[in-house]
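All of the numbers you see were taken from the coordinates with simple rules; none came from a lab. Note that the structure is a prediction, hence the values are computed from the model and not measured. Neighbour counts run over all protein chains shown; Cβ positions are idealised from the backbone, glycine included.
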Amino acid sequence: MTGRIFLKLLLGLFCLLLLALVAVDYFATRVAKDTYIRNLVEQRADNARVLALALPGSAPLDGEKVREMARASGGRLTVVRSDGRVLADSEADPARMENHRSSARPELLRAFAGQVGWDIRRSATMGIRFLYVAVPGPKDLPGGALRLAVPLAEVDRQVAGIRGRVLVSTALAFLPAIAVAALVARRISRRFAAVMAHAGELARGNFRARLPEAGSSEFGQLARTLNDTAEELEKTLEQLQREHAELEKVERIRKDFVINVSHELRTPLASIQGYTETLMDGALDDQEHNLRFLGIIRRNAERLARLTEDLLTLSRVEQKRQNFEFASHPANELLTEAVDLVRPMAEKSDIRLEMETAPAAAAAWCDGEAVSQILSNLLDNAIKYTPRGGSIAVGAQPAGRFLEVYVRDTGIGIPAEELPRLFERFYRVDKARSRQLGGTGLGLSIVKHLVAAHHGTIRVESRIHEGSTFYFTLPGDESTLNGERLNPEFTAS
Ligand SMILES: Nc1ncnc2c1ncn2[C@@H]1O[C@H](COP(=O)(O)OP(=O)(O)O)[C@@H](O)[C@H]1O
Ligand SMILES: [Mg+2]
């Protein structure tokens, strides 16, 4: 590509120089020819005047003498009387020559009139082109004329010589110009090639390519413009890719969710259907089993109810349809209420439940109902996943402009590799165990969204067989809630 642009540029410059050369040749030739002929005319006129002085006009002219004089002057010599009769000629017999007083010989007409005359034309007698110069004279031939003629071939040869020299020197003078032009052409073509290559990269989708932005020339500006464009494109592309990935993720989560929901619903429904049929097929009268079957049906119906309840809650919170009533709540009030709610359950499981009192001034700007839901979910998990004899502690402490609340247990713990997905819908470390304990796998997902609705964050620290601690933050006051951006981490999952 560089080569082609370079050749085109160079060819253009070459044509330009060639045109200049032709013009120089044309004008130089004309000037040289004019000058040369004018000089020649003057010189021949002088010669002719000298010859005119030396020639006797009245006596019959001696042909031999005329030829001698012509030879000495390097041309043809003709003497003409004022009436046009040729008296002598160095090349032809005057007796046979026609009358020379005619408009075909303007140089003679001027000489008859007493002036110097000249003309260039083909000779009727000799057939070649001549320069004719005529002067009045000789002295004793009043009104007559003496004419010298030189073949023009000589003039042409001289002019050709001058022309050749002019051409050679002009061409030589152009050499440095061509060299400079070639350098410029190469420089331009290289930069062009760089720009084209860059454009090619962009076209192929490599928006990371950059041109060197050197200089304030058009190329520098072009490079800057292209780089800016590339940067814009790169940013836009990244943005689109991010959005695309985000959409894909959302879509995947949605599909998973639908599959999960139908799966979760199918098991209890199938169970209810199966036991109902069994009962109707006669088991109703089987005193030994009918109550057990009814119990199973009830448990599964309860399970369905819990699932529906959790799904509704989740969708309400997720779609921000839940109306929160924010107000300032003292931390200890929130904790006491939650602990009182689950105390019977803890006692039943023989688990010590402890509230670590927060500083009296500690408060949260929150929806009391939502926080109660968050805490009961976390406490419910803690009780479920803590073996008998274990202990659970809840507490809160101010953390900057937030209040950090924690629920700590001495339970089974969560393997580190499970932690990243723990807050996803339906994600359970041990599905069978969760189901057996009446879990739906939606609790932590609901918690995460409720915390997000308060612009807070949630995290968990856990060691397997040792226990887990869940931490979440709530805004300390109204200004924190309004000033805080929603945590971008909380999207659809
Ligand atoms: N305190 C905890 N100790 C151990 N595992 C926990 C604890 N809390 C939650 N988990 C794990 O996280 C999973 C998801 O919890 P959650 O969303 O509340 O669902 P569910 O309680 O219905 O099983 C649980 O199934 C369990 O595996
Ligand atoms: Mg739970």
Projecting the Cα atoms of PHE402, VAL133, LEU77 onto the charge dipole of the chain, where Lys and Arg contribute +1 and Asp and Glu -1 at Cβ, the residue farthest towards the positive end is LEU77
Measuring from the longest principal axis of the C-alpha atoms of the chain, the long axis of helix 63-73 (C-alpha) lies at a number of degrees, nearest 10, equal to 30 degrees
One point scatterer per Cα, no solvent, Debye formula: log10 I(q)/I(0) for the chain at q = 0.09, 0.12 Å⁻¹ comes out as -0.84, -1.08
Expected vector for region 197-204, Karplus 3J(HN,Hα) from phi with 6.51, -1.76, 1.60 and θ = phi - 60°, integer Hz, x for Gly and Pro, equals 4, 5, 4, x, 4, 4, 4, 7
Computed over the chain: longest principal axis from alpha-carbon atoms vs helix 218-280 long axis, angle to nearest 10 degrees, is 30 degrees
Nearest 10, in degrees from 0 to 90: the angle of helix 368-384 to the longest Cα principal axis of the chain is 70 degrees
Checked against the positive end of the charge dipole of the chain (+1 on Cβ of Lys and Arg, -1 on Cβ of Asp and Glu, about the Cα centre), the farthest of ILE5, ALA32, ALA393 is ALA32
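If the viscosity is 0.692 mPa s and the temperature 37 °C, what Stokes-Einstein diffusion coefficient in µm²/s follows for region 14-158 when Rh is the Kirkwood radius over Cα pairs?
Translational diffusion coefficient: 205 µm²/s.
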Quick calc, region 14-158, dipole around Cα centre from Cβ unit charges on Lys, Arg (+) and Asp, Glu (-), nearest 20 debye, gives 180 debye
Computed over region 48-122, the convex hull of the Cα set has an average projected area, in nm², of 5.1 nm²
For region 14-158 the mean separation of alpha carbon contacts under 8 Å (6+ apart) over residue count, i.e. relative contact order in percent, is 25 percent
The chain: longest segment with zero exposed GluC sites (Glu not before Pro), where exposed means DSSP loop plus at most 12 other C-beta atoms within 10 Å, is residues 99-287
Net charge (Lys, Arg +1; Asp, Glu -1) of residues whose beta-carbon lies under 13 Å from that of SER349, SER349 excluded, is +1
Between ALA92 and residues 5 or more places away or on another chain, the pairs with built amide H atoms under 5 Å apart involve none
Magnitude of the Cβ-charge dipole (Lys and Arg +1, Asp and Glu -1) of the chain about the Cα centre, nearest 20 debye, reported as 4500 debye
The size of the Cβ-based charge dipole (Lys, Arg +1; Asp, Glu -1) of region 207-321 about the Cα centre, to the nearest 20 debye, is 240 debye
Counting Lys and Arg as +1 and Asp and Glu as -1 over every other residue whose Cβ sits under 14 Å from the Cβ of PRO106, the net charge comes to +3
